[in-house]
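Following: one structure in structure tokens, then a few remarks.
The values are calculated or read from the model by the stated rules, or taken from the named source; none is laboratory data. Predicted model, so just to flag it, every value in this text is computed and none were measured. No Cβ is skipped: glycine too gets one built from the backbone with ideal geometry, and neighbour counts run over all protein chains shown. Please note that ligands, DNA and RNA were not included when accessible areas were found on the heavy atoms of the full protein model with its side chains. Shrake-Rupley method; radii C 1.70, N 1.55, O 1.52, S 1.80 Å.
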Amino acid sequence: MSRRSITALGPPSAGARALKGLVLTLCCAAVVVPFVGIVATSLSPRAEVTRAGGFVLVPKQISFAAYEAILSGGVVTRATLVSLFVTAAGTLLSLVATTLLAYGLSRPGSFAHRPLLMTVLFAVLFGPGLIPSYLVVKSLGLLDTYWALLLPPMINAFNVIIMRSFFLELPPEVIESARIDGAGDLAVLTRIVLPLSKAALAVIGLFYAVGYWNAFFSALLYLNDSGMWPLQLVLRTYVVNQTQLGVDQLGGGAGLPPQEAVQMAILVLSIVPVLLVYPFVQRHFSKGVLIGAVKG
């Protein structure tokens with residue numbers, strides 16, 4: 001289409017702008033209204049939850065009984081601590097392993113460079129099956145241990161490829177000058193490469209953290225002890241499957257809030273950590289998501 005024909009189209013009409021605004025408003029409402037309802041229901045007392053049929057949109061009274069119940073030392077508190085540990089430890093292990101592997105694959109002439117690169121590319125296209133993964137974890141003696149939640153997803157092949165592409169785009173002159181000054185591979189990585197890779201590390205770390213935090217199937221598959229369950233598996237059991245939470249499971253409190261409020265409080269608890277982490281990496285996100293997309 002020529003520039004003249006594009007100009008002839010002119011700006012959108014008032015009706016088109018109004019339609020776009022209406023569509024965007026409806027899309028935002030479809031996201032915001034359910035979230036507001038979840039938070040409002042978790043903060044509502046029993047009488048208001050009953051009056052609203054289990055879903056409160058605008059609470060007239062505020063009650064923190066549901067949060068006091070789930071954070072008073074019961075199954076939800078224990079599951080939250082497990083999820084925080086698995087997410088923190090898993091993200092750290094994944095970042096270290098991914099960075100070391102990606103940096104090694106980005107250096108020409110490194111040990112087993114091409115076979116390892118082909119293996120990573122093969123892993124991007126073909127993932128392991130459910131039964132082989134379970135048999136490997138079982139043969140290593142990792143069942144009913146937190147290592148079963150940490151080791152299998154520790155290295156994501158796609159993230160390795162993204163990090164390798166980022167390392168390949170770093171100025172080779174900087175690395176060569178460090179080598180001339182006598183720096184080894186580890187010194188180059190820690191003192192030169194990593195400080196230049198904050199955007200990539202922030203985005204990849206966020207992807208790993210969200211993956212570890214939201215994972216429940218590996219816990220369902222490898223953990224038979226319910227005391228070791230992470231928060232997402234508790235969320236699936238008591239919210240998705242509508243299993244009732246008793247007083248003893250909520251820390252042995254004197255009263256029991258409405259089940260709807262407790263379930264919504266668990267759901268809020270599973271969402272808030274991601275919302276709190278995202279602002280700290282948001283300034284790196286717009287740059288990091290374009291890693292490897294533009295070649296100079």
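Quick notes
- Here Cα extents along the principal axes in Å was calculated from the structure, and among (i) 72, 70, 37; (ii) 97, 71, 34; (iii) 54, 53, 38 it sits at label (i).
- Within the chain, the longest run free of chymotrypsin sites (Phe, Trp or Tyr not before Pro) that sit in a DSSP loop with at most 14 other Cβ atoms within 10 Å is 127-296.
- Rolling a 1.4 Å probe over the protein heavy atoms gives the stretch 75-227 an accessible area of 54 Å² per residue.
- The stretch 75-227, relative contact order in percent, only Cα pairs under 8 angstrom and at least six apart counted: 44
- Helical mean residue ellipticity (222 nm; -39500 (n - 2.57) per DSSP H run of 4+; nearest 500) of the chain: -20000 deg cm²/dmol
- Degrees, to the nearest 10: 198-214 long Cα axis against longest axis of the chain: 40
- Where only C-alpha atoms are counted, convex hull volume of the stretch 52-201 per residue in Å³: 226
- The stretch 31-55 versus the stretch 172-234: alpha-carbon centroid distance in Å: 38
- Share of carbon and sulfur in the accessible area of the stretch 75-227 stands at 71%, probe radius 1.4 Å.
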